[in-house]
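S.K.: One structure coming up, written as structure tokens, with questions to follow.
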Amino acid sequence: MKRVIFNQKGGVGKSTIAVNLAAIAAHQGKNTLLIDIDPQCNASRYLLGEDAKTVTPTLADYFEQTLNFSLFAKPASAFVHPTRFDNLFIIPSHPEIGELQSKLESRHKIYKLRDTLVELAKEFEVIVMDTPPAYNFFTQSALIAADACLIPFDCDDFSRQALYTLMDNVDEIRTDHNGGLRIEGIVVNQFQPRANLPIQLVNELRAEGLPVLNKHLSASIKIRESHQRGLPMIHLDARHKLSQEFLALYRELDVD
């Protein structure tokens, strides 16, 4: 399974969802790889802490290698690093990948990540990709490489309007580049069940036929502690309500 967490809007919890779903898969014994494709490197810092600033090679090195032909190119596995959690590995991001974008676009490297993931999928049962909040070369590369797309959504009207454009973009990638790409669903994040607006928005999206998942993720201060300590919720406090919600979401998605 190659899953991309994608939304063009920032602040919807992409990195948090990517890391926690990957951590659950690994915790359940699946050899799991997280690929951080965001120049902000939030997922890398979440799993590696301060080591994220110094670990090498990174995704920037991988993309740099694709631009420069070499008889001694490193295999895809050389960019994979272990984390402190069993079965959980990462290809960390680096801010420099943003500077490589125009070069990668001009050299038509949009399919390189897909080809690399074909090789990595021989070793990893689950591959999760965290993406930047933009529809650009990196998110397009991830969508082309993925089997499935999971869309985080926070309950406000700005997010709703952006959602329609996002769905169109995913459809375009499916039509032009990746006929096997499917939308797993829209995961509602920071959900407040006692507030009228979130309930109304979710009901309206479902009435429109959009694939809103049954399991929502609650707003919780505990996730800040999870970020600060570099511990996914399943490792920080497995009995916490939010940990159980992540687990329920993983089970809803884990149909393969």
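The values are calculated or read from the model by the stated rules, or taken from the named source; none is laboratory data. The structure presented is a predicted model; accordingly, all values stated were derived computationally and were not measured. Using ideal geometry, Cβ is built from the backbone for each residue, glycine included, and neighbour counts are taken over all protein chains shown.
S.K.: Test of understanding: among G49, G29, which residue is part of a loop (DSSP other than H, G, I, E, B) and farther than 22 Å from E105 by Cα? Please lay out each step first, then the result.
M.R.: Details: G49 fails: part of a loop (DSSP other than H, G, I, E, B).
Matching residue, one of G49, G29: G29.
Condition check ((1) within 18 Å of A148 (Cβ to Cβ); (2) surrounded by fewer than 22 Cβ atoms within 10 Å (Cβ to Cβ)) across all residues:
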{"position": "A25", "(1), (2)": "yes, no"}
{"position": "L47", "(1), (2)": "no, no"}
{"position": "P82", "(1), (2)": "no, yes"}
{"position": "V126", "(1), (2)": "yes, no"}
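S.K.: Considering every residue within the stretch 214-227, establish whether at least one is touching a helix residue (DSSP H, G or I) at 6+ places or on another chain (Cβ under 7 Å) and assigned to a strand (DSSP E or B).
M.R.: Yes, that holds for at least one residue.
S.K.: If you don't mind, there's one more thing I want to ask. Mind checking which residues of the stretch 1-37 are among the β-branched types (V, I, T), at pLDDT 95 or above and closer than 29 Å to T165 by Cβ?
M.R.: Listed by number, the residues that qualify are V4, I5, T16, I17, V19, I35, I37.
S.K.: Which condition from (1) at pLDDT below 95; (2) touching a helix residue (DSSP H, G or I) at 6+ places or on another chain (Cβ under 9 Å); (3) under 27 Å from R174 (Cβ atoms); (4) surrounded by fewer than 20 Cβ atoms within 10 Å (Cβ to Cβ) is the one that Q40 breaks?
M.R.: (1)
S.K.: Are any residues in the stretch 67-97 free of Cβ contacts under 8 Å to residues at least 12 places away in the same chain and over 20 Å from the mean Cα position of the chain (by Cα), and if so, which ones?
M.R.: Within the stretch 67-97, N68, F69, S70, L71, F72, A73 qualify.
S.K.: Looking at the stretch 52-66, is at least one residue crowded, with 18+ Cβ neighbours inside 10 Å and touching a residue at least 60 places away in the same chain (Cβ under 8 Å)?
M.R.: No: the stretch 52-66 contains no residue that is crowded, with 18+ Cβ neighbours inside 10 Å and touching a residue at least 60 places away in the same chain (Cβ under 8 Å).
S.K.: Same structure again: Of all residues in the stretch 98-144, which are of a type in the set (G, A, S) and either in contact (Cβ under 8 Å) with a residue 60 or more places away in the chain or on the phi > 0 side of the Ramachandran plot (or both)?
M.R.: A121, A134, S141, A142
S.K.: Separate question: Residue by residue through the stretch 158-177, note down the ones that are polar (S, T, N, Q) and in contact (Cβ under 8 Å) with a residue 60 or more places away in the chain.
M.R.: Hits for the stretch 158-177 are S159, T165, N169.
S.K.: I want to confirm something. Restricting to the stretch 180-217 and keeping residues that are crowded, with 16+ Cβ neighbours inside 10 Å and polar (S, T, N, Q), which single residue is modelled with the highest pLDDT?
M.R.: Looking at the filtered set, the residue picked out is N189.
S.K.: For the structure I just gave you, tell me whether F153 is closer than 19 Å to M129 by Cα, touching a strand residue (DSSP E or B) at 6+ places or on another chain (Cβ under 8 Å) and at pLDDT below 95.
M.R.: So F153 fits the description; yes.
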